[in-house]
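No value in this document is a laboratory result; all are computed from the given coordinates. The shown structure was predicted, so the numbers you read here are calculated from the model rather than taken from an experiment. Cβ: placed from backbone, ideal geometry, glycine included. Neighbour counts: every protein chain shown.
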């Protein structure tokens with residue numbers, strides 16, 4: 001077990017180093033200057049006029065690992081600066097994105113978990129609402145954006161709405177499923193003990209369905225983090241998604257790549273967090 | 001010999017001497033129908049005196065568990081009524097403790113918490129220390145004090161079933177319903193827990209209705225044994241299942257598992273029940 005962990009870590013490091021190596025080699029060859037020695041001054045001048053300066057290595061292409069490193073260091077060493085609307089530190093951008101995700105996600109929890117409970121408990125509600133859920137669930141959250149912008153008339157709130165609408169479904173479906181499949185035995189125990197409905201909901205059904213509910217929350221959080229980037233690209237203003245779009249407009253690939261890396265790491269962090277929560281409520285039968 | 005037709009007075013008169021309240025639990029013409037015209041069982045009537053231990057024995061599908069669930073209030077009968085202590089049973093109640101076939105412990109709670117959940121349901125006004133003392137007493141009763149803070153998945157099958165029994169006793173119900181509680185246990189564990197259960201029941205004077213598949217278990221524990229037959233179809237005429245016979249256990253009440261087979265009448269009783277199960281329970 002210990003040795004497996006060690007070996008896998010070693011392999012991971014090796015893969016990372018290989019990727020970095022390939023990247024380094026791929027970007028290093030592009031900047032080799034063409035030999036200028038055998039050109040006459042007229043030819044050189046002509047080449048310069050055509051924008052093909054043979055003496056200067058071309059910049060602004062795909063960044064090298066070293067340039068990337070410098071950018072990463074630059075962002076991480078000063079994450080909280082705020083130089084106006086288009087130039088904010090990475091931590092501020094992330095905070096905006098995470099704030100929107102948290103708000104939309106919490107709103108979704110507030111709706112999906114009680115509603116899922118009701119659907120799971122009542123076969124009538126389940127059947128009545130199922131067609132709506134089935135139609136609404138596969139809609140891309142971004143398709144709601146124009147409607148949200150028109151009705152809400154606030155881009156930031158629209159972003160939160162989009163997060164809400166994409167987080168609601170997995171949680172709703174999982175909560176309903178978890179509640180509906182609580183073992184008959186436990187409900188019978190609660191019944192013979194004359195447990196009140198509220199006590200039954202919180203002390204029997206909720207813990208019994210908690211692992212399923214948390215799975216839904218974990219899926220929802222994953223989707224929400226995917227969607228926030230796209231939503232912010234559309235809406236603009238602040239956030240990590242807007243940062244990516246802004247840096248693309250600046251043609252700063254290093255910044256774009258840095259943002260991609262950060263999105264990945266934060267997404268992993270969120271997933272790990274929900275993984276922990278899931279583990280905490282999981283029981284072995 | 002020890003047989004009587006259901007609801008006949010003879011055995012009742014004998015029982016009355018031994019036990020306190022006669023007809024503490026009264027089942028009248030109970031029936032359950034899933035498929036119209038073909039009730040699983042019909043016209044099931046019997047009574048239990050307070051402090052009496054009754055086992056019901058029969059093949060799978062004869063409706064034993066349904067009867068128990070109706071007594072518990074977890075299921076509705078299609079016909080008939082159940083009265084306990086003069087009042088009709090219409091739903092589940094704390095007055096009837098149930099030990100479920102699959103122990104039905106909540107796996108996210110420890111043994112202590114599982115029993116405390118029941119105790120708090122019974123006496124919501126009790127302060128935590130009182131609940132705790134009560135819980136510990138009943139856990140000790142089934143000999144699980146060392147495992148009190150373990151979760152069910154860390155217990156063996158026998159231990160889990162003991163917790164289920166402790167939980168049922170802890171709420172001090174007026175009667176106990178046991179749905180084949182030892183069905184999933186190995187023979188050795190089963191024997192030990194049978195002895196424990198008998199000790200506790202004798203000590204607490206508990207009224208018990210128990211389902212079993214095990215003839216020896218029924219003979220060891222029960223004062224009376226209800227033999228149940230399956231519903232059957234013969235030449236186009238359907239006969240619903242029901243209680244075919246009530247066997248009064250003639251063995252002395254102070255008996256033990258170890259000495260059971262040395263008692264006079266044991267083999268005759270056993271043969272009678274086995275014969276019933278083999279030849280008559282499932283009419284062809």
Checklist outcome for this item: The helix A:155-180 Cα axis meets the longest alpha-carbon principal axis of chain A at an angle in degrees, between 0 and 90 and rounded to 10, of 40 degrees
Checklist outcome for this item: Eigenvalues of the alpha-carbon gyration tensor of the protein assembly as shown, times 5 and square-rooted, give semi-axes in Å, largest first, of 74, 26, 22
Checklist outcome for this item: Comparing A:62, A:258, A:164 in a Gaussian network model of chain A (Cα, 10 Å), the one with the largest mean-square fluctuation is A:62
Item to check | Extended-chain gain in nm, criterion 0.36 nm per residue less alpha-carbon gap, residue B:59 and residue B:172 | outcome: 37.6 nm
Next on the checklist: Using 10 Å bins from zero, what percent of all Cα-Cα pairs in the range A:196-285 falls into each bin?
Outcome noted: 16, 32, 22, 16, 10, 3, 0
Item to check | Cα→Cβ-extended label distance, 7 Å offset, between residue B:264 and residue B:136, nm | outcome: 4.9 nm
Next on the checklist: Using the Cα atoms of chain B, I'd like the radius of gyration and the largest Cα-Cα distance, Dmax, both in angstrom.
Outcome noted: 19.0, 65
Checklist entry - Where in the range A:221-264 does the label zone of residue A:153 land, with the point 7 angstrom along Cα→C-beta and an amide N cut-off under 11 Å? => result none
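Assuming R0 = 30 Å, what is the FRET efficiency of residue B:251 and residue B:192, from their Cβ-Cβ distance, to the nearest 0.05?
Values: r = 20 Å, r/R0 = 0.68.
FRET efficiency, residue B:251 to residue B:192: 0.90.
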Checklist outcome for this item: Taking Cα pairs closer than 8 Å and at least 6 residues apart, the relative contact order of the range A:90-281 in percent is 28 percent
Next on the checklist: Against the 2.2 N^0.38 Å scaling, with N counting residues, where does the range A:90-281 land? I'd like the Cα-based Rg ratio to two decimal places.
Outcome noted: 1.18
Checklist entry - Got a sec? Which residues in the range A:206-223 would a label at residue A:125 touch, if it sits 7 Å along Cα→Cβ and we count backbone N under 20 Å? => result A:206-217
Checklist entry - Gap in Å between the Cα centre of the range B:40-83 and the Cα centre of the range B:179-202? => result 21 Å
Checklist entry - So for the pair residue B:232, residue A:80, with labels modelled 7 Å out along Cα→Cβ, what separation do we get in nm? => result 8.6 nm
Checklist entry - Between residue A:46 and residue A:226, what length in nm is gained on full extension when 0.36 nm per residue of separation is reduced by their alpha carbon distance? => result 59.9 nm
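Suppose R0 equals 60 Å; then what is the FRET efficiency for residue A:250 and residue B:36 from their Cβ-Cβ distance, rounded to the nearest 0.05?
Here the calculated transfer efficiency is 0.20.
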Checklist entry - Can you give the angle from 0 to 90° between the axis of helix B:266-275 and the longest principal axis of chain B, with both taken from C-alpha atoms, to the nearest 10? => result 70 degrees
Checklist outcome for this item: Within the set A:185, A:87, A:271, GNM on chain A using Cα springs under 10 Å gives the largest fluctuation to A:185
Next on the checklist: What distance in nm lies between label points placed 7 Å from Cα along the C-beta direction at residue A:9 and residue A:135?
Outcome noted: 5.4 nm
Checklist entry - How high is the relative contact order of chain B, in percent, counting Cα pairs under 8 Å that sit 6 or more residues apart? => result 25 percent
Checklist entry - For A:181-189, what's the mean count of beta carbons from other chains sitting within 10 Å of each residue's beta carbon? => result 5
Item to check | Pairs of alpha carbons in the range A:96-193 whose separation is greater than 15 Å (percent) | outcome: 66 percent
Item to check | the range B:96-172: projected area of the alpha-carbon convex hull, averaged over directions, in nm² | outcome: 4.6 nm²
Checklist entry - Say R0 is 22 Å: what FRET efficiency, to the nearest 0.05, do residue A:282 and residue B:156 get from their beta-carbon distance? => result 0.50
Next on the checklist: Within a 10 angstrom radius of the beta carbon, how do A:45, B:235 rank from fewest other beta carbons to most?
Outcome noted: B:235, A:45
Item to check | Acute angle (nearest 10 degrees) that the helix B:128-141 long axis makes with the longest principal axis of chain B, alpha-carbon atoms | outcome: 50 degrees
Next on the checklist: Between B:202, B:96, B:87, where does the largest GNM mean-square fluctuation fall for chain B, given springs only between Cα atoms within less than 10 Å?
Outcome noted: B:87
Next on the checklist: Give me the percent relative contact order of the range B:96-172, please, defined on Cα pairs under 8 angstrom at least 6 residues apart.
Outcome noted: 49 percent
